[in-house]
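Below is one structure, written out as structure tokens, with a few remarks after it.
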Amino acid sequence: MLIAPSLLSANFGHLHADVQMLNKSEADWLHLDVMDGVFVPNISFGFPVIASIAEVAQKPLDVHLMIEHPEKFTARVADLGARVMNVHQEACIHLHRVLTGIRQAGMLAGVTLNPATPINTLEDVVHEADVIMLMSVNPGFGGQSFIPNTIEKVARLKELLLRKGSKALIEVDGGVNRETGALLADAGADILVAGSSVFRATDPQREISILKSLTPNTHTA
């Protein structure tokens with residue numbers, strides 16, 4: 001299991017220290033949520049903060065754009081050295097073009113679905129995506145409760161990818177902890193984005209290790 005701790009839940013007053021902690025952990029990616037106050041009802045951080053994180057991060061950056069017209073920023077995200085640029089299906093009129101542009105910029109192309117968006121909206125673009133992320137909360141705020149229907153949705157997405165012969169990885173964001181992570185692993189998830197469960201843990205590095213150890217039908221105490 002790949003683990004991408006979400007810096008939205010980090011201590012912004014000690015952000016450098018939190019990034020250094022993640023550098024020493026078993027985390028695979030660093031998940032960065034960019035919000036514009038339009039597509040989602042909140043504003044998080046922008047490119048100057050991401051640039052500061054990129055200077056000290058030793059893990060690949062997974063940049064999640066919860067914004068309208070994300071394609072305007074493809075080159076800028078690439079210039080920051082991001083491994084993944086993740087855009088919302090609901091924010092892209094020409095999704096195929098956006099995903100193609102992300103790949104051409106040298107990044108993995110990620111597409112995200114909100115909780116109410118059906119899986120079948122991706123039928124015709126699964127081969128253009130390297131990562132498909134399902135929101136297991138309504139986007140915009142950290143610390144929300146996990147939406148149980150996500151488990152079934154992950155399983156249906158896995159079936160779609162197998163049927164289409166797509167190698168896209170399944171990522172899940174929102175309300176991820178040991179319990180929900182185990183269920184998501186069973187359903188077929190490949191990447192877990194964990195915020196509050198990591199940064200509010202007594203030992204964040206151990207929490208990351210526990211989440212990383214999750215495999216189908218394996219539940220860690």
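Quick note: the coordinates plus some simple rules give every number you see, no bench work behind them. Not measured: the values here are computed from a predicted model. Here Cβ is always computed from backbone atoms with ideal geometry, including for glycine, and neighbour counts include all displayed protein chains.
Relative to a virtual label point 7 Å from the Cα of Ser209 in the Cα→beta-carbon direction, which members of the stretch 176-203 show backbone nitrogen distances below 14 Å?
So the set is 202-203.
Hey, with R₀ at 35 Å, roughly what FRET efficiency would Phe12 and Ala105 work out to, going by the Cβ-Cβ distance, to 0.05?
The value I calculate is 0.80.
Could you size up the charge dipole of the chain around its Cα centre, putting +1 on the beta carbon of Lys and Arg and -1 on that of Asp and Glu, and report it in debye to the nearest 20?
My answer is approximately 240 debye.
Hey, what did the stretch 1-141 get for relative contact order, percent, Cα under 8 Å, at least 6 apart?
Relative contact order comes out at 19 percent.
Please quote Rg/Rh for the chain to two decimal places, taking the Kirkwood radius as Rh and restricting both calculations to Cα atoms.
0.93
Hey, got a sec? Which GluC sites (Glu not before Pro) in the stretch 78-172 land in a DSSP loop and have at most 13 other Cβ atoms within 10 Å?
Listed in order of number, the matching sites are Glu123.
Read phi for every residue in the stretch 113-124 and hand back ³J(HN,Hα) as whole Hz from Karplus 6.51 cos²θ - 1.76 cosθ + 1.60, θ = phi - 60°, with x for Gly and Pro.
Residue by residue, the stretch 113-124 yields 10, 5, x, 8, 8, x, 4, 5, 5, 9, 3, 9 Hz.
If the cut-off is a Cα-Cα distance under 29 Å, which lysines reach Lys72, setting aside same-chain residues fewer than 8 apart in sequence?
Cross-link targets: Lys59, Lys167.
Setting aside same-chain residues fewer than 8 positions from Lys164, which lysines have a Cα under 19 Å from its Cα?
Partners within reach: Lys153.
Calculate the spin-label point distance for His96 paired with Asp79, positioning each point 7 Å from the Cα along the beta-carbon direction, and give it in nanometres.
Going by the 7 Å Cα→Cβ label model, 3.0 nm.
Quick one: if you take sqrt(5λ) for each eigenvalue of the C-alpha gyration tensor of the stretch 117-221, what semi-axes come out, biggest first, whole angstrom?
25, 15, 11
How far is the Cα center of the stretch 94-130 from the Cα center of the stretch 16-36, in Å?
So the separation of the two Cα centres works out to 24 Å.
Need one number: nm distance between label points at Ser145 and Glu26, each 7 Å from Cα along Cα→Cβ, rounded to one decimal.
Using points 7 Å along Cα→Cβ, the separation is 3.0 nm.
When DSSP assigns beta bridges and you keep just the ones with both residues in the stretch 2-212, what percent turn out antiparallel, to the nearest 5?
The answer is about 5 percent antiparallel.
In terms of modelled amide H atoms, which long-range or inter-chain residues lie less than 5 Å from the amide H of Ala109?
Placed amide hydrogens put Asp130, Val131 under 5 Å from Ala109.
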